[in-house]
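Notes follow the structure.
Values in this text are rule-based calculations from the coordinates and carry no lab data. Note that the structure is predicted; figures quoted are calculated from it, not measured. For neighbour counting, all protein chains shown are included, and Cβ atoms are generated from backbone atoms with ideal geometry for every residue, glycine included.
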Amino acid sequence: MIEAKNATKVYRRGKTEVRALSISTLTVPKGQFLSVMGPSGSGKSTLLNLLGALDQPTSGSIVIEGREISKLADRELSQFRRERLGFVFQFFNLLPTLSAVENAALPALLSGRPRSEVLPRAHGLLEAVGLTGRDHHRPDELSGGEMQRVAVARALITEPAILLADEPTGNLDSRTGAEVLRLIREATRDRKVTVVMVTHDPNAAAVGDRIVRLADGAVVGDEEVRVQAA
Ligand SMILES: Nc1ncnc2c1ncn2[C@@H]1O[C@H](COP(=O)(O)OP(=O)(O)O)[C@@H](O)[C@H]1O
Ligand SMILES: [Mg+2]
């Protein structure tokens with residue numbers, strides 16, 4: 001579960017202050033797939049960064065799986081992120097010199113898990129995301145959709161409790177985007193992974209269980225998605 005309470009984020013640039021976010025309460029239950037929508041500049045990425053412990057609130061609290069993130073030391077925080085959270089971004093962020101399987105395996109290897117355990121799992125995840133036979137391709141030998149599938153496999157390699165995605169389909173054509181979303185949905189549903197996804201696209205948002213809308217840093221809408229997208 002993730003909980004934001006009276007959470008604000010103020011960015012200071014010289015003498016100007018930008019109040020990017022102001023949330024009274026937002027609770028995301030375990031296993032929920034939450035979509036966050038809102039116009040550009042409404043605070044979506046700021047919210048995601050707080051919910052993913054990538055950034056600290058200016059005031060208020062963010063509690064992720066019982067841990068108040070502002071009370072964690074930097075080392076604890078980075079360990080927590082590495083072990084409990086998975087991230088998928090708009091621009092895939094794969095390492096260009098590594099193969100698909102090495103990219104997918106990397107977060108688990110960095111947290112010290114043995115190659116003998118991680119590599120078979122990375123191969124399995126690539127298969128699960130439809131990339132059989134692409135394990136040894138480097139990113140420049142893959143299409144955008146394939147790169148994002150590798151990024152999804154990479155986000156899941158550590159078996160995270162929470163998956164955070166910022167415009168994961170923003171760089172993909174609509175059909176490829178829909179396939180990547182279906183994958184994220186299927187890969188997270190069985191294991192009750194909590195998903196928070198930022199998107200501009202109403203069709204993408206409707207893949208989730210719930211849609212929260214932001215405007216000027218505040219929640220202006222919060223609704224359950226009744227009909228699952230096909
Ligand atoms: N690092 C930063 N420094 C100063 N202002 C920022 C920074 N990041 C975001 N902002 C401002 O905070 C507001 C919310 O930004 P953001 O969360 O990126 O919006 P969104 O993801 O919805 O487009 C915007 O007005 C943006 O200009
Ligand atoms: Mg953004």
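Can you compute the FRET efficiency between Lys5 and Lys192 using 1/(1 + (r/R0)^6), with r the Cβ-Cβ distance and R0 = 25 Å? Round to the nearest 0.05. Before the final figure, lay out each step's value.
Working: r = 23 Å, r/R0 = 0.93.
Given R0 = 25 Å and the Cβ-Cβ separation, E is 0.60.
At a 10 angstrom cut-off on C-beta neighbours, averaged per residue, how do the peptides 216-225, 31-40 rank from highest to lowest? Before the final figure, lay out the partial values.
Numbers: 216-225: 13.7, 31-40: 19.0.
Per-residue Cβ counts within 10 Å, averaged per peptide and sorted highest first, yield 31-40, 216-225.
Please determine, in degrees from 0 to 90 and to the nearest 10, the orientation of helix 74-84 with respect to the longest principal axis defined by the Cα atoms of the chain, where the helix direction is its Cα long axis. Taking Cα atoms only, the helix is inclined about 60 degrees. Less than 5 angstrom separates the built amide H of Val88 from those of Leu164, Ala165, Asp166, all sequence-distant by 5 or more or on a different chain. Non-local lysine pairs in the chain, meaning eight or more places apart or on different chains, with alpha-carbon distances under 24 Å, amount to 12.
Of the residues Leu50, Leu110, Leu85, the one that moves most in a GNM of the chain with alpha-carbon contacts below 10 Å is Leu110.
When only Cα pairs below 8 angstrom with a gap of at least 6 residues are kept, region 2-224 shows a relative contact order of 30 percent. For region 2-224, the residue among Ala128, Ala178, Ser99 whose Cα projects farthest onto the positive side of the dipole built from Cβ charges is Ser99.
Just the number, please: percent antiparallel of the DSSP beta bridges in the chain, rounded to the nearest 5.
Numbers: 24 of 41 bridges.
Antiparallel bridges: around 60 percent, rounded to the nearest 5.
Under the simplified labelling scheme, the Arg115-Lys30 pair shows an inter-label distance of 3.5 nm, with each label point 7 Å from Cα along Cα→Cβ. Over the C-alpha trace of region 2-224, radius of gyration and Dmax come out as 17.3, 54 angstrom. For the pair region 5-27 / region 187-221, the C-alpha centres are spaced 20 Å from each other.
Taken about its Cα centre, the chain carries a charge dipole of roughly 500 debye when the Cβ of each Lys and Arg holds +1 and the Cβ of each Asp and Glu holds -1.
Which far-off residues, 5 or more places away or on another chain, put their amide H under 5 Å from the one on Leu21, with H placed in the peptide plane? Here the answer is Lys9, since their amide H atoms fall under 5 Å of that of Leu21. With each label modelled as a point 7 angstrom along the Cα→C-beta vector, the Val227-Phe80 pair spans 4.1 nm. Overall, region 84-193 carries a charge dipole of about 380 debye about its Cα centre when +1 sits on the Cβ of Lys and Arg and -1 on the Cβ of Asp and Glu, all other atoms neutral.
Here each label is just a point 7 Å from Cα along the line to Cβ, and for Asp140 and Leu95 those points are 1.7 nm apart. Available extension along the chain between Asp55 and Arg175 is 39.9 nm, counting 0.36 nm per residue and deducting the alpha carbon span. Relative to the longest principal axis of the Cα atoms of the chain, helix 144-156 runs at roughly 80 degrees.
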